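The values are calculated or read from the model by the stated rules, or taken from the named source; none is laboratory data. These numbers come from a predicted model, not from an experiment. Quick reminder, even Gly has a Cβ in these numbers, built from the backbone with ideal geometry, and neighbours come from all protein chains shown.
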Amino acid sequence: MTALVSWCFRRAGVVIVLWLVALGGLGAAALHAGPAFRDTVDLPAADSTAAANLLRATGAGGAGERVVVRSPDGPVDSGTGRARLDALAARLAAVPHVVSVDPPPGQVSADRRTAVLTVRFDAPAADLGQGTADALAAVVRDADGLTAGASGELAAMTAAAPDLGNAGIGLLAAAVVLLVAFGSLACVLLPVLTAAVSVGCALAAVTLVSHVMTVPEIGTEIAALLGLGVGVDYALFVLTRYRQGRRDGAEPAAALAVAAATSGRSVVFAGVTVCVSLAGMFTVGMPFLDGIAVAAAVSVLLTAFAALTLLPALLRLLAHRMSLRPEAGVAGWARLARSVTARPGPYTLAAVLVVAVLALPMTGLRLGVPDAALDPPGSVTRTAAELLEEGFGPGADAPLLVVGTGGGDAVGELREALLASAGVAPPAALPGGVWLLEVIPRTAPSDPATGELLASTRVMARVIGSPDAHVGGVVAARADFSAAITDRLPLFLAAVVGISILLLAWVFRSVLIPLTAALMNLLTAAATTGAVVFAFGAPIEPYLPVFLFAGLFGLSMDYEVFLIARIQEAWRRHGDTRAAIVDGVAATGRTITAAALIMALVFVSFAFVDARVVREAGVGLTVAVLLDAVVVRCVLVPAVMARLDAANWWFPGRKAVVTGEPAGSVR
């Protein structure tokens with residue numbers, strides 16, 4: 001580690017050029033190849049997938065989008081409204097891959113103001129791609145005097161395209177915090193430039209990776225969100241230790257060598273821990289989540305590598321401009337640590353109470369994919385949802401498609417049974433002896449009552465209709481997605497927690513430190529989930545808790561490694577645990593809280609993007625890092641360690657105190 005960092009410091013020009021070449025090369029390759037993001041979820045064993053496959057076998061497997069229009073000044077099926085509708089239908093028929101459009105006026109509402117046209121394509125939405133989705137949305141938006149929206153898988157691909165513009169706002173806010181906290185322009189430029197270059201490389205790399213594995217479009221925002229947050233933090237950890245060495249009188253190269261052996265090593269372990277936590281998402285067994293995990297891990301790894309290579313090179317150029325004024329507030333952090341270690345019981349109780357209050361809304365957690373009514377205002381999907389509800393009722397945007405073979409008269413009996421709880425169209429006969437019933441719920445797509453209707457429909461379809469009957473449609477696919485993730489959550493949680501405990505046990509040669517860290521991270525996860533539920537209500541996207549848990553578990557370990565490494569250094573020098581806690585908190589408290597504030601500012605900038613799940617992730621991670629840095633690492637961890645005292649360092653075969661180890665050793 002020290003050799004790598006020192007070489008980068010000596011060969012600053014070469015390292016900077018290599019990073020710029022990597023940024024330019026990856027960027028050019030990504031622009032040339034273009035993105036190949038896929039937002040489809042593959043659930044081969046799901047009932048909704050079986051229904052889709054059965055429909056596809058009849059030749060009805062192409063995307064079927066519903067275009068909903070409303071006339072503002074009269075009926076849509078006559079006069080001017082009908083002329084406008086005919087013109088829109090003609091333009092829809094000209095969209096690439098469209099094979100048919102319902103003859104206007106299609107399905108018309110009771111007030112004759114709203115009409116629905118079904119547009120059928122020659123392939124499933126996943127195969128048609130973003131270009132076709134954008135072409136459809138462009139025609140719908142230009143409805144020439146009609147209010148129009150689109151509902152379906154293709155339309156959903158246009159609801160919230162990634163917008164990374166807010167990331168710049170987050171970086172600007174982070175720069176202001178760095179300037180105020182450290183009073184040096186160099187301390188602002190170094191972390192921000194390091195994070196910006198590494199995340200730029202990561203986003204280009206993620207675009208290229210999308211050609212070889214399933215990566216959802218939202219993966220770029222997740223990668224930027226995590227990369228910018230941890231990138232600034234990792235650079236700041238190394239920079240802080242370097243400045244401390246310079247203030248102690250060391251030459252730049254010597255100060256950097258110590259920073260590499262201490263904070264640099266902590267950065268490596270922190271980055272690996274984040275990636276290990278993200279890798280836990282692979283236990284869910286969904287390519288959709290695998291793509292998010294890989295995108296985020298690529299970003300974290302590149303930012304950690306940049307903190308150990310690009311930062312030293314930039315430091316060589318800007319070191320002479322860096323302010324080395326003494327850090328303010330060290331005495332205050334020392335007083336806080338002494339107070340916590342003197343009264344660990346009350347501080348532990350207060351910290352746990354704060355976490356419990358934040359976690360309380362978690363009792364209302366309900367997983368599910370929110371319906372289009374929560375999409376960004378002005379999107380074609382939200383417009384369609386509003387028009388469908390206004391013209392045909394709340395369940396018009398949530399049809400259940402019951403399909404099967406055989407059945408005979410039983411299909412009519414099934415329809416009669418379903419009419420008691422929903423609207424049901426007459427049975428439709430499809431090629432190959434397949435029959436279809438379209439069931440329209442009386443409640444909104446995300447209403448729990450719609451989920452109950454789905455469950456009862458599946459039971460009745462098999463008992464009354466035919467044994468091979470299946471229920472599909474968007475609502476059914478979303479419910480199957482939620483169920484698939486929920487079923488695998490225990491394995492995911494066990495994998496992330498277990499591997500993180502083993503990694504920390506190896507890093508710190510301790511049994512209790514990783515166990516208490518895991519427990520505290522579970523508390524933070526509960527508080528974070530509670531905050532998201534409180535801010536956004538139910539339902540919450542089923543994969544969001546998976547990503548939040550993996551992300552915050554890894555990010556929390558950043559501060560854990562940084563803090564415990566300093567405490568362990570002090571403990572090795574004198575063997576007094578409580579004094580070591582005071583030394584460690586005094587040395588890292590200011591940096592940890594400043595880093596958390598910077599990371600929170602980056603995360604919260606993503607709370608204003610169009611994509612709801614990114615807003616949820618931004619708010620959740622903001623709460624997580626602030627809670628973790630202020631309440632957990634600066635209060636709860638010192639209090640618990642003070643209570644455990646010498647037991648913190650127990651490890652099989654280890655002596656109580658090992659002196660004489662080099663500063664910064666984490667073994």
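Can you tell me which of (1) within 30 Å of Asn521 (Cβ to Cβ); (2) outside any helix (DSSP H, G or I) is the one Val354 doesn't meet?
(2)
Which is acidic (Asp, Glu), farther than 28 Å from Arg112 by Cα and under 33 Å from the mean Cα position of the chain (by Cα), of Asp480, Asp397?
Values: Asp397 fails: farther than 28 Å from Arg112 by Cα.
Going through Asp480, Asp397 in turn, the sole match is Asp480.
Given the conditions (1) in the same structural domain as Met213 (by TED's automatic domain parsing); (2) in contact (Cβ under 8 Å) with a residue 12 or more places away in the chain; (3) closer than 30 Å to Met213 by Cβ, which single one is not true for Phe9?
Of the numbered conditions (1) in the same structural domain as Met213 (by TED's automatic domain parsing); (2) in contact (Cβ under 8 Å) with a residue 12 or more places away in the chain; (3) closer than 30 Å to Met213 by Cβ, the odd one out for Phe9 is (3).
Within the stretch 438-461, work out how many residues are touching a Pro at 6+ places or on another chain (Cβ under 6 Å) and assigned to a helix (DSSP H, G or I).
2
Would you please list the contacts, defined by Cβ atoms under 6 Å and residues six or more apart or on different chains, that run from a residue in the stretch 531-544 that is more than 13 Å from Val614 (Cα to Cα) to a residue that is of a type in the set (A, V, I, L, M) and in a loop (DSSP other than H, G, I, E, B)?
Filtered contacts from the stretch 531-544: Val533/Leu365.
Kindly check whether there is at least one residue in the stretch 207-217 that is surrounded by fewer than 24 Cβ atoms within 10 Å (Cβ to Cβ) and at pLDDT below 85.
Within the stretch 207-217, one or more residues are surrounded by fewer than 24 Cβ atoms within 10 Å (Cβ to Cβ) and at pLDDT below 85.
Just one of Val68, Val76 is within 35 Å of the chain's Cα centre (by Cα) and surrounded by 20 or more Cβ atoms within 10 Å (Cβ to Cβ); which is it? Walk me through how you get there before you give the answer.
Numbers: Val76 fails: within 35 Å of the chain's Cα centre (by Cα).
After applying the criteria, what remains is Val68.
So how many residues does the stretch 537-573 have that are among the aliphatic types (A, V, I, L, M) and assigned to a loop (DSSP other than H, G, I, E, B)?
So in the stretch 537-573, the residues among the aliphatic types (A, V, I, L, M) come out as 538, 540, 544, 546, 548, 550, 552, 555, 557, 561, 563-565, 567, 570.
Those still in the list that are assigned to a loop (DSSP other than H, G, I, E, B) too: 538.
Going through the stretch 537-573 one residue at a time, the tally reaches 1.
Surrounded by fewer than 16 Cβ atoms within 10 Å (Cβ to Cβ), touching a helix residue (DSSP H, G or I) at 6+ places or on another chain (Cβ under 6 Å) and on the phi > 0 side of the Ramachandran plot - does that describe any residue in the stretch 29-36?
No, the stretch 29-36 contains no residue that is surrounded by fewer than 16 Cβ atoms within 10 Å (Cβ to Cβ), touching a helix residue (DSSP H, G or I) at 6+ places or on another chain (Cβ under 6 Å) and on the phi > 0 side of the Ramachandran plot.
Where in the stretch 574-667 are there helices (runs of 4 or more DSSP H), lying wholly inside it, with at least 1 residues that are of a type in the set (A, V, I, L, M) and at pLDDT below 80?
Details: elements: 577-605, 612-626, 637-644.
The helices (runs of 4 or more DSSP H) meeting that bar are 577-605.
Could you tell me whether the stretch 105-125 includes any residue that is surrounded by 14 or more Cβ atoms within 10 Å (Cβ to Cβ) and in a helix (DSSP H, G or I)? Don't jump to the end; show me each part of the working.
Of the stretch 105-125, the ones surrounded by 14 or more Cβ atoms within 10 Å (Cβ to Cβ) are 105-109, 112-125.
Imposing the further condition that a residue be in a helix (DSSP H, G or I) reduces the set to 125.
Scanning the stretch 105-125, I find at least one residue that is surrounded by 14 or more Cβ atoms within 10 Å (Cβ to Cβ) and in a helix (DSSP H, G or I), so the answer is yes.
Would you point out which residue out of Val238, Val212 is assigned by TED's automatic domain parsing to the domain that holds Val197, closer than 16 Å to Thr309 by Cβ and not basic (Lys, Arg)? Quick ask: steps written out before the conclusion?
Values: Val212 fails: closer than 16 Å to Thr309 by Cβ.
Checking each option against the conditions leaves just Val238.
Is one or more of the residues making up the stretch 507-522 of a type outside the set (Gly, Ala, Ser), surrounded by 22 or more Cβ atoms within 10 Å (Cβ to Cβ) and outside the structural domain of Val614 (by TED's automatic domain parsing)? Talk me through it step by step, then tell me what you get.
Of the residues in the stretch 507-522, the ones of a type outside the set (Gly, Ala, Ser) are 507-509, 511-516, 519-522.
Next cut, surrounded by 22 or more Cβ atoms within 10 Å (Cβ to Cβ) only: 507-508, 513-514, 520-521.
Those still in the list that are outside the structural domain of Val614 (by TED's automatic domain parsing) too: none.
No, the stretch 507-522 contains no residue that is of a type outside the set (Gly, Ala, Ser), surrounded by 22 or more Cβ atoms within 10 Å (Cβ to Cβ) and outside the structural domain of Val614 (by TED's automatic domain parsing).
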